[in-house]
1. Over the range B:94-160, how many percent of alpha carbon pairs lie in each 5 Å bin up to the one with the longest distance?
2. Among the chymotrypsin sites (Phe, Trp or Tyr not before Pro) in the range A:56-121, which ones are in a DSSP loop with at most 15 other Cβ atoms within 10 Å of the Cβ? Mind listing them?
3. Cα-Cα pairs above 39 Å in the protein assembly as shown: how many percent?
4. Using only C-alpha atoms and all pairs of different ones, pull out the Kirkwood radius for the range A:15-77 in Å with one decimal.
5. Beyond 21 Å between alpha-carbons counts as too far, so tell me which of B:Lys75/B:Lys114; B:Lys137/B:Lys179; A:Lys25/B:Lys97; B:Lys119/B:Lys179; A:Lys19/B:Lys97 fall in that bin.
6. log10 I(q)/I(0), Debye, Cα-only the range A:139-239, no solvent, q = 0.14 Å⁻¹?
7. Where does the range A:183-292 land on the Kirkwood hydrodynamic radius, alpha-carbon pairs, in angstrom?
8. Report, in deg cm²/dmol and to the nearest 500, the calculated mean residue ellipticity at 222 nm for the protein assembly as shown, where each DSSP H run with n ≥ 4 adds -39500 (n - 2.57) and the sum is divided by the residue count.
Amino acid sequence: MTVQADVGFLEAPDAQRSKQELDLKRFLVQLGLSLLIFLVAVAACFLLSPYAPNEPNFLERLSPPSASHWLGTDQLGRDVAARLLYGGVWSIGLAFLVTIVGAIAGTAIGLAAGHFGRAADVTLMRVTDSFFAFPELIAAVTIAGVLGPSTTNMVLALILVGWMKFARLVRSLSVDLAHRDFVVQARLNGLPSYRILWRHILPNIAPSLLVLWTNAWSRTILSISGLSFLGFGVQSPNAEWGAMLLDGKAYMQTAPHLMIFPGLAILIAVLSINLTGDRLRDLLGSNGAAAG
Amino acid sequence: MLRVEKLQLRLHGKPILEEVSFDLPRGKTLCIVGESGSGKSSLLRAVNGLMPATFDSLTFRPKNGRPISLKEYWKGRAGLPGSRWVMQDPLSALNPKLALGVSIGESVFAQKLKSLELKAAISAALADVELPAEMAKRRPAQVSMGQAQRACLARALIARPDLVFFDEPLSALDAIVQKQIAATMRRIQTRFDMTFVIVTHDLGFAAAYADQMLVLRGGKVEANQSAEMFFQAPESDYCRELIAAARELGGLPETVVQVSGSKAAIPC
């Protein structure tokens, strides 16, 4: 990024901006296409897979990867590949849900803190700080433990510990933006608050929000797998990558494929979302977070 | 129409403006001049309720209306009713994510126009500032500085304001564009009978444009005179110095011919 910024002096600002926009557009097209291909492939797997994820077959327990079971079977003879597929819906989908709810709640709170005066700001940010005081995963374990182990409670717990980063980011960016000339203009022209927030503040913080959200998404996948592995999350017989690791732990020596494939799945999911987020951050960087 | 008496502004215990008073009649142009840090922009902000100033009285009389007590008016909002602002840097005064037409249209948001009426009004405002109608679809990054500043003018103009504040409207532009936009400003001022308050540090511009001069230095008023008087017999030594310096640099002609009242083309 620093190199790019230095070169920026040589180019006309318009040329530089449009080149960046072009890069971003190209990346979004690539991202969209690869997502489409990925989703089609996953859908095909769902349709074509001959095995149900929770269907035991006691004749083929703990069998290693083979032509009929590509990723082997587990201790109840369930197809690991089918379970990975369905487990992904839990891991990735639940994390998606959790971070979307967290992002919306955090954004609403951050906008309110940044826009509705000092009293609102102080109150909301102190609440945010006090939520921040608890380490994320430990707080989630505690909440899930107190409420009892279930998927719903885990989701609640993760939402409760996940919204503050969004609130803090949105608040600080919107306070900065509130002093920018175009927001002052909007206020002078008598625009109502909702319109200023929706048309002037939100679009200008959206790039930073998007980057933070991809980051939160991949971390939440790890949290969900972690909680399920500890037994607080998705309960068996439902397949979830963390829960699969927990199930497979007892057979680690004899059937390592029970651990390897869910582990790889988590790694790949987290890595690809993280890398996408990093690339987005780079592309949005200079006219996203900084310049609004 | 705008009368300010003994306005004071303190920030963090430091006095920014001290006992600033002026009285601006309708249809005239007040130029506020001073070096940077003299409180010119702060004065504009204070008069618009964006900064917590104290004053003996601050009255604003809108067209066909009674004078308003601004202390009441500023509870929960800012600005003066029926006034608009044009800021120094058009690129930061326009939301980078919005098309120029949307930004211009927002100026009359309170009127709740139907979309066709709004579209027509935006096109008319663009035409008034000599921009083609298709500019409405462009975003600020896709136009030149001059065009962006014209869009800001259109945003002020579309609301048919009584009073327009300009905060160094030309200083971000090059000389040719400055001259063109100054001419446009004068034309729309005459056509729509508006009162202008212009913050500037360009005495040449002020000489050609102002009816009244308000010179600030370190937050205090150095001169508050009609422009004619100011350039012939300035009120203070500082103003004499200022005028002499501007003459030396060549930005100001030896004899200033005031076109006050007639609003002829601006001699640039």
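1. That works out to 4, 21, 35, 26, 12, 2, 0, in percent per bin.
2. A:Trp70, A:Phe116
3. Roughly 45 percent, once rounded to a whole number.
4. Every distinct Cα pair counted, the radius reaches 15.0 Å.
5. Over 21 Å Cα-Cα: B:Lys75/B:Lys114; B:Lys137/B:Lys179; B:Lys119/B:Lys179.
6. Listed by q, the Debye log ratios stand at -0.65.
7. Answer for the range A:183-292: a Kirkwood hydrodynamic radius of 16.8 Å.
8. Theoretical 222 nm ellipticity from helices: -17000 deg cm²/dmol.
Each reported figure results from applying straightforward, stated rules to the coordinates on display, with no laboratory input. Here the structure is a predicted model, which means the values were calculated and not measured. Ideal geometry is used to build each Cβ from the backbone, glycine not excepted, and the neighbour counts take in all protein chains shown.
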